[in-house]
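Colleague: Pasting in a structure now, in structure tokens, and then I'll have a few things to ask.
The values are calculated or read from the model by the stated rules, or taken from the named source; none is laboratory data. All figures in this text were calculated on a predicted structure; none of them were measured in a lab. Glycine gets a Cβ as well: all are built from the backbone with ideal geometry, and neighbour counts include every protein chain shown. Ligands, DNA and RNA are stripped out before the accessible areas are found, and what is left, the full protein with its side chains, is counted by its heavy atoms. Shrake-Rupley method; radii C 1.70, N 1.55, O 1.52, S 1.80 Å.
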Amino acid sequence: MQNDFCPGGALSVPRGDEVVPIVNALAENFRNVVLTQDWHPAGHLSFASAHADRSPYETIAMPYGEQVLWPDHCVQGTRGAAFHDGLNIPHAGLVLRKGTDRTIDSYSALYENDRITPTGLTGYLRERRIARLFLAGLAFDFCVRYSAEDAVREGFAVVVIENACRGIDVAGSIAATRSSFAALGVACISAEKVAAPSP
Ligand SMILES: [Zn+2]
């Protein structure tokens, strides 16, 4: 939930800011909350501006596979990389920064885009004996999708809270995300279905 992914930001997800209050309310139901923060150095190779004659939303071949090129976004220490001012989850126990290596993007909270290099989140979750993950945020068809897929691969039960997400939809990516979730058994529910914790 960062400024650059919200309306007015560098890589804005349509209506992305609408989920801020939903995410705030959801978080109150969970003792363990992890926030992820896209956190790129200037000149990151996922930026179209880092490549000659390339435009945002084109794809290029990188050593680790196909990569969508984005507008410059979430540069370390900038206002765009900061969390949305309305985000209010003071009990979040971990802020996981990702995409810090200039040469590789990291949609997933668990692995970089080579899907081999870990961020360390799997170990954090396992050591805390967390077995089931509920995912929300931006964007549904990139960071949420990749995080869900990697979490399933790591053996976690995964639930995506779909009305607490918004998508970008590059070249059919929302439909592809839904197909992937169905194939993997990732449950998609609405925020209203998340029960309050027992006292
Ligand atoms: Zn990024």
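Colleague: What distance in nm separates the two pseudo spin-label positions at R31 and T117, each 7 Å out from Cα along the beta-carbon direction?
Modeller: About 3.5 nm, to one decimal.
Colleague: Could you give the dipole magnitude of region 91-191 about its Cα centre, charging the beta-carbon of Lys and Arg +1 and that of Asp and Glu -1, in debye to the nearest 20?
Modeller: Details: 12 positive and 11 negative charges, 61 e Å.
My answer is approximately 300 debye.
Colleague: Might you report the magnitude of the Cβ-based charge dipole of the chain about its Cα centre, with Lys and Arg at +1 and Asp and Glu at -1, to the nearest 20 debye?
Modeller: Working: 17 positive and 22 negative charges, 127 e Å.
In total the dipole reaches around 600 debye.
Colleague: Same structure again: Rounded, prolate or oblate: pick one for region 1-67, where a ≥ b ≥ c are the square roots of the eigenvalues of its C-alpha gyration tensor, a/c under 1.5 means rounded, and failing that, prolate if a/b is larger than b/c, else oblate. Write out the running numbers ahead of the final one.
Modeller: Working: a/c = 2.94, a/b = 2.02, b/c = 1.46.
Taking the square roots of the gyration eigenvalues as a ≥ b ≥ c, region 1-67 is prolate.
Colleague: Percent of accessible area on the chain owned by carbon and sulfur, 1.4 Å probe? Could you put the intermediate results ahead of the total?
Modeller: On the way: 4960 of 9630 Å².
That share works out to 51 percent.
Colleague: Per residue Cα convex hull volume for region 87-144, in cubic angstrom? Write out the running numbers ahead of the final one.
Modeller: Working: hull volume 6.3 nm³, N = 58.
It comes to 109 Å³ per residue, whole-number rounded.
Colleague: Please identify the trypsin sites (Lys or Arg not before Pro) of region 90-193 that satisfy two criteria: DSSP loop assignment and at most 15 other Cβ atoms within 10 Å. Which are they? Kindly include the intermediate steps, with their values, before the conclusion.
Modeller: Numbers: sites: R97, K98, R102, R115, R126, R128, R129, R132, R145, R153, R166, R178, K193; in loops: R102, R115, R128, R129.
Qualifying residues, ordered by number: R102, R128, R129.
Colleague: log₁₀ I(q)/I(0) of region 51-124 at q = 0.13, 0.14, 0.20 Å⁻¹, via Debye over equal Cα point scatterers, no solvent, to two decimals?
Modeller: Relative scattering, expressed as log10 I(q)/I(0), comes to -0.50, -0.58, -1.04.
Colleague: Then there's this: With every protein chain present, what is the per residue accessible area of region 4-103 (1.4 Å probe, Å²)? Walk me through the numbers on the way to the answer.
Modeller: Values: 5040 Å² over 100 residues.
Ligands and nucleic acids excluded, the figure is 50 Å² per residue.
Colleague: Given the C-alpha atoms of region 77-199, compute the convex hull and give its volume per residue in Å³. Don't jump to the answer; show the numbers that get you there.
Modeller: Details: hull volume 17.6 nm³, N = 123.
For region 77-199, the hull spanned by Cα atoms encloses 143 Å³ per residue.
Colleague: With the dipole of the chain worked out from charges on the C-beta (+1 for Lys and Arg, -1 for Asp and Glu) around the Cα centre, which of A109, S55, G167 lies farthest toward the positive end?
Modeller: Among A109, S55, G167, the one farthest towards the positive end of the dipole of the chain is A109.
Colleague: If you don't mind, another one. Looking at region 2-129, I'd like the Rg to Rh ratio, where Rg is from alpha-carbon atoms and Rh is Kirkwood's inverse mean 1/r.
Modeller: Numbers: Rg = 15.4 Å, Rh = 15.7 Å.
That ratio is 0.98, to two decimals.
Colleague: Between R102 and R128, 0.36 nm times their residue separation minus their Cα-Cα distance comes to what? Don't jump to the answer; show the numbers that get you there.
Modeller: Values: separation 26, 0.36 × 26 = 9.36 nm, distance 3.00 nm.
That pair, R102 and R128, stretches by 6.4 nm at full extension.
Colleague: So, in Å, what gap is there between the alpha-carbon centers of region 72-147 and region 42-60?
Modeller: Between the Cα centre of region 72-147 and that of region 42-60, the gap is 21 Å.
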